[in-house]
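Worksheet for the structure shown next.
Taken together, the values in this text are just the output of simple stated rules run on the coordinates, not laboratory data. All values reported here derive from a predicted model rather than from experimental measurement. Using ideal geometry, Cβ is built from the backbone for each residue, glycine included, and neighbour counts are taken over all protein chains shown.
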Amino acid sequence: MPEIPCDDVIHYTVEYKDYKNLRLHERLAINAYMLGNDTQLIQSILTENEEISKSMRRFIADMISGKIKREASKQETTIHHKIALCREIDALAKGKAQDKAVAVGIIAAREHRSSEAINTRYYEGKKAIKADRDALLKYMIDNYHPKGEK
């Protein structure tokens, strides 16, 4: 598989408006916001003195002014929660299998659920992360054109 540069241009469409010429990290920030109302990546883009594309500036302005309305469905919220759960377990476990079991136990106790239920949500979250990563990679490969080629 060819390596795709991180600053490659990605196009992202919101229902009522196109935001074109977004960089990869800008697209990921918009996805995080649209899927889970997570503004952390957008905040880091603003605070880390990175160059911001015109489309990203327009998206942030539209977000602040309330022009962008998220339709939060229960399914999106559930998927977002499962992904957050995966990240929390992985952060607590630091990649060690025996620590993962401890992390699952801690979260199960906190959420008043069984370890099996937390494990199920963990693996569902992992599947969602992989599916999103695979879809993004497929999109990038299908739409990648070296400069000057179309």
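Counting charges near residue 90 (Lys, Arg +1; Asp, Glu -1) among other residues having Cβ under 11 Å from its Cβ returns a value of +3.
Strictly over 18 Å apart at the Cα level, which of 82/138; 82/127; 100/126; 96/126; 20/127; 67/138 would you flag in this model?
Values: 82/138 23 Å; 82/127 10 Å; 100/126 14 Å; 96/126 16 Å; 20/127 29 Å; 67/138 30 Å.
Table pairs above 18 Å Cα-Cα are 82/138; 20/127; 67/138.
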